[in-house]
Every structure is written in structure tokens, then in C-alpha cells.
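The values are calculated or read from the model by the stated rules, or taken from the named source; none is laboratory data. Since the model is a prediction, treat every value here as computed from it, not as a measurement. Every residue, glycine among them, receives a Cβ derived from its backbone with ideal geometry; neighbour counts consider all protein chains shown. Just the protein is used for accessible areas: all its heavy atoms, side chains included, with ligands, DNA and RNA removed. Shrake-Rupley method; radii C 1.70, N 1.55, O 1.52, S 1.80 Å.
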Amino acid sequence: MRILVVEDEKALCDAIARSLRHLAYSVDCCHDGQTAIDLLAIETFDLVVLDLNLPEADGMTVLETLRETDHDTKVLILSARCDIADKVCGLDAGANDYLTKPFHLEELAARIRSLTRRRFIQDNTVLTCGTISFDTSSRKAYANNRPLSLTRKETGILEYLMLNQGRPVSQEELLEHVWDCNANSFSNSARVHMSALRKKLREALGHDPISNRIGQGYVMEDSE
């Protein structure tokens with residue numbers, strides 16, 4: 001999952017980004033509202049963690065600008081403004097959740113899990129495909145009830161494919177949702193990580209649950 005963190009306190013922003021990257025999310029950061037507006041106009045994100053007190057353009061302006069054209073991207077407001085009126089205003093403007101500062105990183109991660117499950121209409125915290133399971137809470141994957149040792153990118157690819165089972169996912173879509181904005185669309189990075197993931201799945205399962213449909217993309221299905 002690809003997340004944009006918009007927070008003008010750089011130390012806090014860096015701490016949030018480190019925490020989320022440790023959980024195998026792809027994270028981009030910016031520190032002012034206008035940069036956030038510009039990024040959201042050209043990049044694809046699954047979720048935005050948005051502070052309200054921002055320079056250049058405040059968080060409410062960012063939210064309102066986004067909602068003019070995009071009603072799907074989830075937005076979690078992260079703000080020191082704790083009055084009920086502020087929360088109501090943010091939610092009425094189109095935010096999906098509101099978390100007040102100070103907060104625990106564990107709670108932020110739980111809120112993000114909840115919102116991304118809603119994004120993909122997934123109710124259970126554990127995704128399954130045949131004998132493969134992925135616990136979105138612990139961020140651990142298993143095959144035949146045995147843990148899989150995956151890199152962060154492999155974890156992100158597996159989660160995204162499991163959330164989109166049965167549907168072809170192109171390399172471009174994977175780059176949009178699993179890599180950050182520094183990804184080079186002309187590199188072989190996605191292919192390399194996909195190949196490594198498929199090799200691990202074949203070794204664990206005895207077969208490859210991911211197929212490559214020429215001209216369409218990668219499809220994950222329960223082949224048994």
C-alpha cells in the first residue's frame with residue numbers, strides 16, 4: 001500500500017515514515033500543503049495521513065482540493081486540534097478518520113489497517129488465497145501455516161495481489177501502489193521483486209499461485 005504523509009514537523013514526519021516503512025508500506029512525505037496538493041494531482045496513493053496546521057496551504061484546503069476530483073483515496077487527519085467541532089468539520093469535508101496528537105504509532109498503524117481494508121472491501125485482518133495467508137496486523141505471511149521470509153517489497157506485492165485476487169494487476173499498477181515516488185518506471189525493479197516472490201512461493205507450496213497474463217498483468221488465484 002502506498003501512503004502519503006503530510007506533516008510539517010519533520011522529526012514527527014520521519015518517525016511516522018520509518019514506522020510505516022518497517023511495516024512494508026510504501027511511504028512518500030511532504031511538509032507543506034501546496035506540495036501535497038501538487039503530489040495528489042499527479043501521483044496515486046491509497047491513503048493520505050494529513051496534518052491540518054501546514055504552511056503554504058492548510059490541511060483543510062488540501063482535503064477540499066482532493067475531494068473536488070477524488071472521492072476514493074482514504075484520508076486520515078492527524079492533528080493537535082482536538083475540539084469536537086474540528087473533528088466534525090474534517091469528517092464533513094471528506095476525511096475518513098481523525099486522530100488527535102499526541103498519539104501512539106501502534107494506534108496510527110491500526111487506523112491505517114482499518115481504512116485500507118475498507119478501501120479494498122476487505123473485512124478480515126487476515127487475507128487468504130488457498131493455503132497462503134497474510135496477516136495485515138502483524139504484516140506476516142504464511143504458506144501451509146509456515147512463515148514466509150519476505151522482503152518489504154515482496155510483502156507489499158503479495159498483499160496487493162491478495163487484495164486483488166483474480167484480477168490482472170499490471171506492473172505500472174504495482175509501481176503506483178507498492179513503490180514510492182522515487183520509483184523508476186523504466187527499471188526492472190518490479191520484475192526482480194516479483195520473480196523473487198514467486199520463487200519463494202513455489203518453494204513453499206510446490207506450485208506458483210501467480211500467473212503472468214501477457215498484455216494484462218499478474219494474477220493471483222487459488223490454483224488448487
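Quick check, is residue 51 open to solvent by 10 Å² or more (accessible area, probe 1.4 Å) and charged (D, E, K, R)?
Answer is no for this residue.
Hey, any hits in the stretch 25-41 for a residue that's outside any helix (DSSP H, G or I), modelled with pLDDT of 90 or more, farther than 17 Å from residue 139 by Cα and aliphatic (A, V, I, L, M)?
No, the stretch 25-41 contains no residue that is outside any helix (DSSP H, G or I), modelled with pLDDT of 90 or more, farther than 17 Å from residue 139 by Cα and aliphatic (A, V, I, L, M).
Results for (1) more than 13 Å from the chain's Cα centre (by Cα); (2) assigned by the TED database to the domain that holds residue 198; (3) at pLDDT below 90, shown as yes or no for each residue.
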| position | (1), (2), (3) |
| --- | --- |
| 133 | yes, yes, no |
| 136 | no, yes, yes |
| 141 | yes, yes, no |
| 146 | yes, yes, no |
| 149 | yes, yes, no |
| 154 | yes, yes, no |
| 157 | no, yes, no |
| 161 | no, yes, no |
| 166 | yes, yes, yes |
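Here is a check on your reading of the model: is residue 17 open to solvent by less than 10 Å² (accessible area, probe 1.4 Å) and free of Cβ contacts under 8 Å to residues at least 60 places away in the same chain?
yes
In the stretch 172-183, how many residues are open to solvent by less than 30 Å² (accessible area, probe 1.4 Å) and either over 13 Å from residue 220 (Cβ atoms) or out of contact with any helix residue (DSSP H, G or I) (no Cβ under 6 Å at 6 or more places or on another chain) (or both)? Talk me through it step by step, then tell me what you get.
Residues of the stretch 172-183 that are open to solvent by less than 30 Å² (accessible area, probe 1.4 Å), as a first pass: 174-175, 177-179.
Checking the rest, the ones that are also either over 13 Å from residue 220 (Cβ atoms) or out of contact with any helix residue (DSSP H, G or I) (no Cβ under 6 Å at 6 or more places or on another chain) (or both) come to 175, 177-179.
Residues in the stretch 172-183 being open to solvent by less than 30 Å² (accessible area, probe 1.4 Å) and either over 13 Å from residue 220 (Cβ atoms) or out of contact with any helix residue (DSSP H, G or I) (no Cβ under 6 Å at 6 or more places or on another chain) (or both): 4 in total.
Suppose we filter 109, 57 for residues that are out of contact with any strand residue (DSSP E or B) (no Cβ under 8 Å at 6 or more places or on another chain) and part of a loop (DSSP other than H, G, I, E, B); which single one remains?
Matching residue, one of 109, 57: 57.
Just to check your reading of the model, which residue among 142, 218, 160 is aromatic (Phe, Trp, Tyr) and open to solvent by 30 Å² or more (accessible area, probe 1.4 Å)?
So the residue among 142, 218, 160 that is aromatic (Phe, Trp, Tyr) and open to solvent by 30 Å² or more (accessible area, probe 1.4 Å) is 142.
Return the pairs, sorted by first residue and then second, in which the second residue is of a type in the set (Asp, Glu) and in a loop (DSSP other than H, G, I, E, B), the first residue lies in the stretch 46-61 and is within 15 Å of residue 88 (Cα to Cα) and in contact (Cβ under 8 Å) with a residue 40 or more places away in the chain, the beta carbons are less than 7 Å apart, and the residues are 6+ apart or on different chains.
Pairs that qualify, where the first residue is within 15 Å of residue 88 (Cα to Cα) and in contact (Cβ under 8 Å) with a residue 40 or more places away in the chain and the partner is of a type in the set (Asp, Glu) and in a loop (DSSP other than H, G, I, E, B), are 59/51.
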